[in-house]
Each structure stands twice: as C-alpha cells, then as structure tokens.
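The block underneath contains the structure these notes are about, expressed in structure tokens.
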Amino acid sequence: MNFKDYIRTIPDFPKKGIMFRDITTLIQNSTAFAEVIDVFHQRYHTKKIDYVAGIESRGFIFGGALAYALDVGFIPIRKKGKLPWKTISETYDLEYGTDTLEIHEDAIKEGDKVLLIDDLIATGGSLLAASKLIEKLNGDIVETAVIIELSDLKGREKIIPRQLFSIIKFEGE
C-alpha cells in the first residue's frame, strides 16, 4: 500500500510556507489505518517492549492501537498541565516559541523498555523532549517510530543517538 496516497497535504497551514501533512485522511480509512499498525506490529512484535509511549495528540491514536496489538501498556506524554498526577517536564523549542511536555513521574520504572511513537517528525523537538522524559525516569528507549518523516527538516539528526523508524518520507515536496 502506498501510504502517501492517504496523506492530505494542506499548503500554508498553520502559517504561510508550511506544507501540513494531515493524517486524518489516513485514519479515516480503516484499511490504511490497520496496515500502518500492522507495519509497526511486524517490526516490534518480537522485541522486548514493556510500554508504548505516545506524544499528544496524534501519537495517542497510533500508540494506543499499537500497544493493544503488542499486548503492552500505553503511556501518554502530554502537554503541560494535562496530566492529573505528579509529573516531570521537558521544555523544547518550536519555530514560534517553546512548548513543554510532561509525563507522570511514576509512569516508567528503571529498565523498562519503551517504544516512543508519534505521527510525524519535523524538526525533532517534541520527540527529543519526550525521549529525555523517558530517560529521566531511567527507561530504555527501544526505538522511536513515526508515520511521517519530513526529511528536509533534519529532525532525525536531533534525536541521535536514538534510533528512528519512519514509514513515509517527504522530501522537499
């Protein structure tokens, strides 16, 4: 299946010059959505994973489904102020300011194997911040996984030495 056929591109959103890659058209198609989860499941079902951690909000969609398929727990990594228990936080840079991600301080125990997932990597800021949160709790990141990688923005380089797996790459399109 060519997953790019299920990604809608919206020019100049959220600001002029940005080509927004919209996954809502992919998740609306049950076959395409299931096949994305199958690709991830095939890659990770033999690896030792204790949790799938997903980044708010679209990482929840794929992360929750994948955690179910792998028969492991799911950990939400949310924007500041959204989690009800004691948290740790990590602030990261955006093109237009900063943002902060949080995780419950008891979400991960030392040595837990965590697969980190989001829908997309652009500059890598949110994935790096989420990785740092997992590592602060002494979790081991098995891999970072995304549906879409915007290669031109070099986010992969920001998260080194962590491994990144992406299903679709958009380069200068």
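The values are calculated or read from the model by the stated rules, or taken from the named source; none is laboratory data. Keep in mind that this is a model prediction, so the values were computed, not measured. Don't worry about glycine lacking a Cβ; one is built from the backbone with ideal geometry, like all the others, and counts go over all protein chains shown.
Computed values, structure above
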| quantity | calculated |
| --- | --- |
| Test: residue in region 67-84 that is in contact with a His (Cβ under 7 Å, 6 or more places away or on another chain), at pLDDT 95 or above and within 17 Å of residue 135 (Cβ to Cβ) | no |
| All positions within region 135-153 that are within 23 Å of residue 45 (Cα to Cα) and over 10 Å from the mean Cα position of the chain (by Cα) | 135, 138, 139, 140, 141, 142, 143, 149 |
| Enumerated strands (runs of 3 or more DSSP E) restricted to region 1-96, each holding at least 3 residues that are on the phi > 0 side of the Ramachandran plot | none |
| Residue among 122, 129 that alone is of a type in the set (Gly, Ala, Ser), closer than 25 Å to residue 32 by Cα and touching a strand residue (DSSP E or B) at 6+ places or on another chain (Cβ under 6 Å) | 122 |
| Residue in region 118-141 that is hydroxyl-bearing (Ser, Thr, Tyr), assigned to a strand (DSSP E or B) and surrounded by 14 or more Cβ atoms within 10 Å (Cβ to Cβ) present | no |
| Options 109, 132; residue that is within 16 Å of the chain's Cα centre (by Cα), of a type outside the set (Asp, Glu) and more than 24 Å from residue 13 (Cβ to Cβ) | 132 |
| Every residue from region 142-173 that is at pLDDT 95 or above, of a type in the set (Val, Ile, Thr) and out of contact with any Leu (no Cβ under 6 Å at 6 or more places or on another chain) | 147, 167, 168 |
| Pairs with Cβ under 9 Å, 6+ apart, first in region 123-141 and within 16 Å of residue 93 (Cβ to Cβ), second of a type in the set (Lys, Arg) and in a helix (DSSP H, G or I) | 123/158; 124/156; 124/158; 125/158; 127/158; 128/158 |
